[in-house]
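Okay, so here's the structure we're looking at.
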DNA sequence: ATGGTAGTCGAACTA
């Protein structure tokens, strides 16, 4: 079972790139972030023609998450525990092929001095609360998405430049570790110890050409699912496109 | 080169 996560940065602009990638990689589950469309404008028909069912939670202009699956989708849940209908669309969960899948787009935080940074930390606390109250690490579960946090020095191209700054601040690293303490493991790190493997490169300053990136997108697996992990890797190919997303997909393979 | 680039929406905000 192949489960992938990709911050697509506007599904309207990236529709052809997405469909080409899906045809080539054929994920069983694809979690998308930053779709930036309301549900009516989501390319549901095109994806259905490729055999995918779609669960989505969109909003105008910003955010928006979706889960695409080649197998039937059930138990769809929009948002985090306790969120009202006006909350930003940053989380969606669904069950596919016996695996509980949580797809999240963690707030960026803007800067460590910003109130948005505090909101980012609180959002991660609510994610942990959602796991504690509604999920179990003793069943097959994947938590994936754009977390906007580098976990350690290997995950950022210039650790000494970014240390203590946004995406690489101990407060957000601690908040993410509290989420993982639920019973989740970084599947990429289970298979790859090397640094300089990134999932995001800023559009500016030829960052991708220089491989000046960050690993901020993850596929985490519950301790119950981890024994089924075959591999996890980052697919840089779509970042070479004419109009790429600034993120590239993370792909994890599990035995059925 | 004295910020850079991209998306949304149609000025300014987000990333």
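The values are calculated or read from the model by the stated rules, or taken from the named source; none is laboratory data. All values derive from a computational prediction rather than experimental measurement. Here Cβ is always computed from backbone atoms with ideal geometry, including for glycine, and neighbour counts include all displayed protein chains.
The figures follow:
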| item | result |
| --- | --- |
| Extreme residue, surrounded by the fewest Cβ atoms within 10 Å (Cβ to Cβ), among residues of region A:231-256 that are within 16 Å of DNA strand B (Cβ to nearest atom) and over 18 Å from residue A:3 (Cβ atoms) | A:242 |
| Only listed residue being in contact (Cβ under 8 Å) with a residue 60 or more places away in the chain and crowded, with 16+ Cβ neighbours inside 10 Å, chosen from A:189, A:215, A:228, A:223 | A:215 |
| Check on residue A:24, in a helix (DSSP H, G or I) and farther than 20 Å from residue A:102 by Cβ | yes |
| Residue satisfying all of: in region A:125-167; farther than 18 Å from residue A:199 by Cβ and touching a helix residue (DSSP H, G or I) at 6+ places or on another chain (Cβ under 6 Å); nearest to DNA strand B (Cβ to nearest atom) among these | A:127 |
| Candidates A:104, A:65, A:99, filtered to the one that is surrounded by 14 or more Cβ atoms within 10 Å (Cβ to Cβ), more than 16 Å from DNA strand B (Cβ to nearest atom), in contact (Cβ under 8 Å) with a residue 60 or more places away in the chain and closer than 20 Å to residue A:130 by Cβ | A:99 |
| Verdict on residue A:56 being at pLDDT 95 or above and out of contact with any helix residue (DSSP H, G or I) (no Cβ under 7 Å at 6 or more places or on another chain) | no |
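Conditions (1) within 16 Å of DNA strand B (Cβ to nearest atom); (2) in contact (Cβ under 8 Å) with a residue 40 or more places away in the chain; (3) touching a helix residue (DSSP H, G or I) at 6+ places or on another chain (Cβ under 7 Å); (4) more than 21 Å from residue A:124 (Cα to Cα), marked per residue:
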residue: A:7; (1), (2), (3), (4): yes, yes, no, no
residue: A:28; (1), (2), (3), (4): no, yes, no, yes
residue: A:48; (1), (2), (3), (4): no, no, no, yes
residue: A:74; (1), (2), (3), (4): no, no, no, yes
residue: A:84; (1), (2), (3), (4): no, no, no, no
